[in-house]
Amino acid sequence: MSAAGSISKLHKARPLKRILILFLSLVIGILIWSAAASIFDLPAFILPGPGLVWERFLRSLESGQLLQHSLATLSEVLAGLFLGGSVATVLGYLIAKSPALENLISPYLVASQSIPIVAIAPLLVIWFGSGIFSKILICSLTVFFPVLINTVVGLREVPQDLRDLMRSLKASRFQTLTKLEIPAALPIFLGGLRVGATLSVIGAVVGELVGADRGLGFLINVGRGQYDTALVFVAVITLAVIAMSLYGLVLLIETQVLSWQSWRDEAK
Amino acid sequence: MTSSPEIALSVEGLEVIFSDASGVVHALSDLSFNLAANTFATLIGPSGSGKSTLLRVLAGLVPPTKGQFHFHNHHDQVGLVFQKPNLMPWRRVTENVSLPLELADLPRDEIDAQAHDLIKLVGLEGFESAYPRDLSGGMAQRVAIARSLMHDPDILLLDEPFGSLDALTREVMGDELLQIWQAKRKTVLMVTHSISEAIYLSDKVLVLSQRPGRIELELIIDLPRPRKPEMRYLPEFSSLAHQLRDSLRDTQAMS
């Protein structure tokens, strides 16, 4: 909460100042990294310096290798986000409407959450092969839970007085959904989607590490096998950029769609 | 101004029994009354006497266990105003006011014209595109009142609409409500905790007994209309207040 608060405060600062601070923190990070690599005199296959990684980045970009694997991972992530997100949203709506269904399903939900995705990823790869489909399933599973929970919570938090208002106005079930439940649940729902987006990236990499012929996780495996640690760095940094971009994208959608919420007030 | 003899609402032998986890609650028992069209009536009674329950039954939110009620007019729609403004925070003032007609699928220009008129009526011109978070409590409650009039219901049900406002705003809002009522000719049933508010606003005050609630007293308020703030100091006013207070004390003592 405090971390989120300080991030929001950072957003509150003037754009120019914000960019400057961001740039400064990047420069400091790279300097420390560079210093560590040279002071400890580590071989490149243990800790390659920033220069080496940059060079490797340019080479993998030139060969088209990086783009190809990034696109593979990104499509798994997005497909998983879409598939897991939509199933979770529909199921979340049904659970929020039916306590009986919740009692029926919740043991499985709790059980599924106590198993780390790393543990079932190999099973999914065995069952569905090392192609893109097993990765999409793994991504869907990681996205599923936060979206489901936030859908249920979002719908449950719809104020009873507003439900009563809709009933007194003889609103249909569909009208209640579109005019009350969706807009009221949207802030919490999008929060779940934001978490799901970053989890989906983790899911994709886990799947690719277990067994794949493409993707950034696959690239990490290749780099490790060939003692090409600079390539591992390139893949890891690309993954971080993808995850942060998705997070930022959902955040951007939130600020646009939820403009009625005072974002600046919340940061206080 | 006397009310016409035509009856707008009749309630006969209403009984409401809830059962929940904590047991059975006998909220209303054998409750009957009539309201003539265009009457301003208030409902007063001890806490937990079922005032809100009665309003919720009339609004169609709670089914009565026994008995019945009738709206004697062309449509059975009611306008409902809650204790809190109960606005949708993602809708601007105009959009909040428009809701009832949007649900009725009316053409956009008709909705806009009606919303515009009502926003003007409640004195919120210039705030059409404000979000609820930017409104004061009194302004928000005005939006709620405009919204309750949007689908032109014959009956307005208000559940302590000024309960969360400060004393001064409360009196101003009371006067405005009277003006709106006079302009729109509605039958109003309003829950309040304030004896002087009940007398000041009403043609008729209904005193509800301790739970299970029934009508303890129907007091006709024959003060002239339009009401003026000075009327609160008239001897008739204080004698009415005495009668109400005695009746409330009796019903509380009985329990």
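At residue B:168 and residue A:63, where each label point lies 7 Å from the Cα along Cα→Cβ, what is the point-to-point distance in nanometres?
It works out to 7.8 nm between the two label points.
Under a 10 Å cutoff between Cα atoms, tell me which one of B:100, B:153, B:226 has the largest fluctuation in the Gaussian network model of chain B.
B:226
Pick from B:76, B:166, B:175: which residue has the top mean-square fluctuation in a GNM of chain B where Cα pairs under 10 Å get a spring?
Residue with maximal mean-square fluctuation among B:76, B:166, B:175: B:166.
Work through the residues other than residue B:6 whose Cβ is under 13 Å from its Cβ and net out their charges, Lys, Arg +1 and Asp, Glu -1.
Working: positive: B:185; negative: B:154.
The answer is 0.
Sort A:134, A:114 so the one with the fewest other Cβ atoms within 10 Å of its own Cβ comes first. Before the final figure, lay out the partial values.
Values: A:134 24, A:114 6.
Ascending number of Cβ neighbours within 10 Å: A:114, A:134.
How high is the FRET efficiency between residue A:111 and residue A:33 when r is their beta carbon distance and R₀ equals 45 Å, given to the nearest 0.05? Please report the intermediate quantities before stating the final value.
Working: r = 42 Å, r/R0 = 0.92.
The calculated FRET efficiency here is 0.60.
When DSSP assigns beta bridges and you keep just the ones with both residues in the protein assembly as shown, what percent turn out antiparallel, to the nearest 5?
On the way: 20 of 38 bridges.
Antiparallel bridges make up about 55 percent of those DSSP assigns within the protein assembly as shown.
Eigenvalues of the Cα gyration tensor times 5, then square-rooted: what semi-axes does that give for region B:6-153, in whole angstrom, largest first? Spell out each step's value before the answer.
Numbers: eigenvalues 203, 69, 38 Å².
Equivalent ellipsoid semi-axes, largest first: 32, 19, 14 Å.
Give, as a single signed number, the net charge of other residues whose beta carbon lies under 13 Å from the beta carbon of residue A:164, with Lys and Arg counted +1 and Asp and Glu -1.
Numbers: positive: A:163, A:167, A:170, B:56, B:84; negative: A:161, B:159.
Once all neighbours under 13 Å are counted, the net charge is +3.
With a point put 7 Å past each Cα toward its Cβ, work out how far residue A:98 is from residue A:177 in nm, to one decimal.
A separation of 1.4 nm, rounded to one decimal place.
Can you work out the PRE-style zone for residue B:220? Point 7 Å along Cα to Cβ, and I want the residues of region B:19-56 with backbone N under 13 Å.
Counting only backbone N, you get B:36.
Below 8 Å between Cα atoms, with a sequence gap of 6+, how large is the relative contact order for chain B in percent?
Numbers: 478 pairs, mean separation 67.2, N = 255.
Relative contact order for chain B comes out at 26 percent.
Treating each Cα of region A:92-139 as an identical point scatterer and ignoring solvent, apply the Debye formula and state log10 I(q)/I(0) at q = 0.13, 0.22, 0.25 Å⁻¹.
So the normalised log intensities are -0.44, -0.79, -0.84.
In peptide B:179-192, how many Cβ atoms from other protein chains are near each Cβ within 10 Å, on average? It would help to have the intermediate numbers written out before the result.
Working: counts 0, 0, 0, 0, 0, 0, 0, 0, 0, 0, 0, 0, 0, 0.
Mean number of neighbouring Cβ atoms from other chains: 0.
Would you mind telling me the antiparallel percentage of the DSSP bridges in chain B, rounded to 5?
Values: 20 of 38 bridges.
Taking every DSSP beta bridge within chain B, about 55 percent pair in antiparallel fashion.
Using a 10 angstrom cutoff on alpha carbons, build the Gaussian network for chain B and name the most mobile of B:159, B:134, B:20.
B:20
Given region A:46-267, what whole percent of its Cα pairs are spread farther than 28 Å? Display every interim value, and only then the final one.
Values: 10147 of 24531 pairs.
Pairs farther apart than 28 Å: 41 percent.
Taking a ≥ b ≥ c as the square roots of the Cα gyration tensor eigenvalues, with a/c under 1.5 meaning rounded and otherwise prolate when a/b beats b/c, else oblate, which class fits region B:138-209? Kindly include the intermediate steps, with their values, before the conclusion.
Details: a/c = 1.61, a/b = 1.13, b/c = 1.42.
Taking the square roots of the gyration eigenvalues as a ≥ b ≥ c, region B:138-209 is oblate.
List the equivalent ellipsoid semi-axes of region B:182-245 in whole Å, largest first, each obtained as the square root of 5λ for an eigenvalue λ of the Cα gyration tensor.
Details: eigenvalues 84, 52, 16 Å².
Taking √(5λ) for each eigenvalue gives 21, 16, 9 Å, largest first.
Net charge within 13 Å of residue B:159 by Cβ-Cβ distance, Lys/Arg positive one each and Asp/Glu negative one each, not counting residue B:159 itself?
On the way: positive: B:51, B:56, B:84; negative: A:161, A:164, B:160.
Neighbour charge sum, excluding residue B:159 itself: 0.
Give me the tail of P(r) for region A:18-62 as a percent: Cα-Cα pairs with distance above 13 Å. Walk me through the numbers on the way to the answer.
Values: 604 of 990 pairs.
Every Cα pair in region A:18-62 considered, those over 13 Å come to 61 percent.
With no solvent and one point per C-alpha, what does the Debye sum give as log10 I(q)/I(0) for chain B at q = 0.11 Å⁻¹?
-0.60
Could you tell me the center-to-center distance, by alpha carbons, between region B:34-86 and region A:140-176 in angstrom?
Using only Cα atoms to place each centre, the spacing works out to 27 Å.
Going toward the positive end of the dipole of the protein assembly as shown, with +1 on Lys and Arg Cβ and -1 on Asp and Glu Cβ, which of B:89, B:182, A:212 do you reach last?
Of the options given, the answer is A:212.
How many partner chain Cβ atoms sit within 10 Å of a residue's Cβ in peptide A:167-179, on average, as a whole number?
Values: counts 5, 15, 17, 7, 5, 1, 0, 0, 5, 1, 0, 0, 6.
That average works out to 5.
If you take each beta carbon of peptide B:76-87 and count the beta carbons of other chains within 10 angstrom, what is the mean?
For peptide B:76-87, the averaged partner shielding equals 3.
As a test of the definition: which semi-axes, in Å, follow for region B:99-160 when you take the square root of five times each eigenvalue of its alpha carbon gyration tensor? Largest first, please.
On the way: eigenvalues 71, 49, 20 Å².
Sorted largest first and rounded, they come to 19, 16, 10 Å.
Just want the ordering: B:136, B:209, from fewest to most Cβ atoms lying within 10 Å of their own Cβ. Walk me through the numbers on the way to the answer.
Working: B:136 10, B:209 24.
Ascending Cβ contact count within 10 Å gives the list B:136, B:209.
Give me the Debye-computed log₁₀ of I(q)/I(0) at q = 0.06 Å⁻¹ for the protein assembly as shown, equal point scatterers on Cα only, no solvent, two decimals.
Values, matching the q order: -0.46.
Rank the residues B:222, B:30 as a footprinting-exposure proxy: fewest other Cβ atoms within 10 Å of their Cβ go first.
B:222, B:30
With label points built 7 Å along Cα→Cβ from the Cα atoms of residue A:163 and residue A:236, find their separation and express it in nm.
Spacing of the two 7 Å Cα→Cβ label points: 4.8 nm.
All of the numbers you see were taken from the coordinates with simple rules; none came from a lab. Being a predicted model, the structure only gives us computed values, none of them experimental. So basically every Cβ, Gly included, is an ideal-geometry build from the backbone, and we count neighbours across all protein chains shown.
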